[in-house]
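The values are calculated or read from the model by the stated rules, or taken from the named source; none is laboratory data. Every value quoted in this text rests on a predicted model; they were computed, and no experiment measured them. All Cβ positions, even for glycine, are placed from backbone atoms using ideal geometry, and neighbour counts span all protein chains on display.
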Amino acid sequence: MRESQGLRYTAAAVLLFTAAVVRAQCVPVIRTITQPGGFPSLVPGPIASSGSILGVAKTDTSSGAPAVYFATYDNNLNPLTADRQVVAATSNGAAALFWNGSEFAVFFQSPSFALQFQRVDMSGNLIGPLISIVNRAWSPNDEFDIAWSPARNAYAVARTVTEGTERGVYLTVVSATGIILSDRQVELAFFAQPRRPRVLTLPDGTIGVVWTLNGDILPRVTLWLVTPSGTIKSGTVSERNVNASTVATDGSTILVIFSSATSTGGTELHYAQFDTNAIQTKADTSFLIGSGSDIVPSHLAWNPVLSEWALTYIDAPFGTASFARDMRIRRFASVGATASDTLLSPDPLHSRLTAPYPIVFVNGAYIASIQRVISRAEGSESYLVKLCPFFVTATADHPVWRPFLPVTFTASTSGGSPGYVFDWQFGDNDIARGPVVQHIYQNPGTYTVTLTAVDAAGAIAITKTTVQIVVGGRQRAVRR
């Protein structure tokens, strides 16, 4: 028993040491991909990571029926393979990219709007022919979302059908090689059109679909969970008109964040939470108010490495039509906990470029593609960015000490933007500010010390440590 406990303690120490090393080694990177006036204008879109290789799908924005390309980079955004054409013509470029454990899959719509994907290996080589997901006709107004389910070893496609007699929301499960494993309707549309389908996958193979139904009569946002056996569980997210939504799960909680109009104009973010049986655990509640007119959620993800949610969103003080807006990332352990909110780009000059695709977390950093498509004639401005999350640590020179003797506390940071503010709470109702502070405890006891750090970009990092103040016992003499 002692040996197994020792092995567990050793493993835990190794994990903590590894996490500390990853944080210390993280260096922010900005990789320029396109600039206005430069051609070909291959704009990075969806990204996916194998853990060691970053796959990037790119769209040729100089064409009305854009070709899609694929390239790979290392985790420091250095190119590994050249751009390789995946398909010569699409309706609107790359739509999604996944790593399924053994290969990449690039999704896009054909010029006739049919959803297709191309398999690609780690070296950027195409695997087999294009695969079409043919189950019913596609139209220009159809919307879709895609997720990979490791439990089912398949892709989940949530889709709205907006024309014909089959109007509604559908869930299609497709194998990695393109075989349709299941296809079912989860909502029938009689009057209002369902919009903005969002899909997520749970560890047991259950697939969740969220969609909105706007209009004057019974607007709502709905969550459906479809189990591997086909059982459907449903819940109502909100009964209001919703402009945009995003959804993710940590395996036990499903979190939906969405934007909705306020009574004074503009929009704000709301959220609702569910368990894995679609039972609502937190009703529609205000989540975040932007700096001005509009705020729009982009993508939400659960990061199991840091045990935190990561939300990317647009803060548009003068409305989404204005270029005066910021692309931000909000990190939080749970709704209601202190959040760290900062610009997505390490360079504030690029903060107004959008990140319309999911970000990835690899080797201690968040990686995103950001872009601004100007016109076919002028090209685009786009980058790959590596953002190092902001962390802070607190150390005490005497974790065990005596009353009325000073304890020196030191703060150290990794990631973030230089220009830090450090606020200390010593656990005895006293506070201080600074990177190195001293404090004297008067009474014996164990005190929890909280350090809150804020960087120049507004990111927040919080850490805690303990100090034990004791009386009595022999004090060890210092030999000189």
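Quick look at the numbers
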quantity: Residue satisfying condition, being in contact with a Gly (Cβ under 8 Å, 6 or more places away or on another chain), assigned by TED's automatic domain parsing to the domain that holds THR206, touching a residue at least 24 places away in the same chain (Cβ under 8 Å) and not in a loop (DSSP other than H, G, I, E, B), within set PHE107, PHE117; calculated: PHE117
quantity: From the options SER375, SER417, residue that is of a type outside the set (A, V, I, L, M, F, W, C) and either in contact with a strand residue (DSSP E or B) (Cβ under 6 Å, 6 or more places away or on another chain) or closer than 30 Å to ASN75 by Cα (or both); calculated: SER417
quantity: Leading residue by the ranking (nearest to the chain's Cα centre (by Cα)) among those in the range 370-411 that are surrounded by 17 or more Cβ atoms within 10 Å (Cβ to Cβ) and of a type in the set (Ser, Thr, Tyr); calculated: TYR383
quantity: Filter result (more than 28 Å from ARG152 (Cα to Cα) and of a type in the set (S, T, N, Q)) within the range 76-103; calculated: ASN76, ASN78, THR81, GLN85, THR90, SER91, ASN92
quantity: Residue ID - surrounded by the most Cβ atoms within 10 Å (Cβ to Cβ), chosen from residues in the range 129-143 that are over 23 Å from THR165 (Cα atoms) and touching a residue at least 24 places away in the same chain (Cβ under 8 Å); calculated: ILE131
quantity: Candidate set from the range 238-255 (those that are modelled with pLDDT of 95 or more and either among the β-branched types (Val, Ile, Thr) or not assigned by TED's automatic domain parsing to the domain that holds SER293 (or both)); member that is surrounded by the most Cβ atoms within 10 Å (Cβ to Cβ); calculated: ILE254
quantity: The range 21-32 - residue that is assigned to a helix (DSSP H, G or I) and exposed (fewer than 14 other Cβ atoms within 10 Å of the Cβ) and, of those, modelled with the lowest pLDDT; calculated: VAL21
quantity: Tabulated pairs, the range 414-435, first in the same structural domain as THR452 (by TED's automatic domain parsing) and surrounded by 16 or more Cβ atoms within 10 Å (Cβ to Cβ), second among the acidic types (Asp, Glu) and at pLDDT 95 or above, C-beta under 9 angstrom, 6+ apart or interchain; calculated: TRP424/ASP430
quantity: Count of residues meeting criterion [surrounded by 15 or more Cβ atoms within 10 Å (Cβ to Cβ) and either basic (Lys, Arg) or over 15 Å from VAL226 (Cβ atoms) (or both)] in the range 156-205; calculated: 14
quantity: Residue match in the range 192-209 (condition: in contact with a His (Cβ under 8 Å, 6 or more places away or on another chain) and in a strand (DSSP E or B)); calculated: no
quantity: ASN153 modelled with pLDDT under 95, over 25 Å from SER62 (Cα atoms) and in the same structural domain as VAL56 (by TED's automatic domain parsing); calculated: no
quantity: Pair list, Cβ < 9 Å and 6+ apart or interchain, from the range 43-54 residues that are on the phi > 0 side of the Ramachandran plot to residues that are hydrophobic (A, V, I, L, M, F, W, C); calculated: GLY51/TRP99; GLY51/VAL362
quantity: Any chance THR212 is in a strand (DSSP E or B) and more than 21 Å from GLU166 (Cα to Cα); calculated: no
quantity: Answer residue from the range 256-275, given it is in contact with a Lys or Arg (Cβ under 9 Å, 6 or more places away or on another chain) and more than 23 Å from PHE318 (Cβ to Cβ) and is surrounded by the fewest Cβ atoms within 10 Å (Cβ to Cβ) among those; calculated: GLN273
quantity: Yes/no for TYR366 being touching a Cys at 6+ places or on another chain (Cβ under 9 Å) and assigned by TED's automatic domain parsing to the domain that holds SER62; calculated: yes
quantity: Residue check for VAL186: at pLDDT 95 or above and in a strand (DSSP E or B); calculated: no
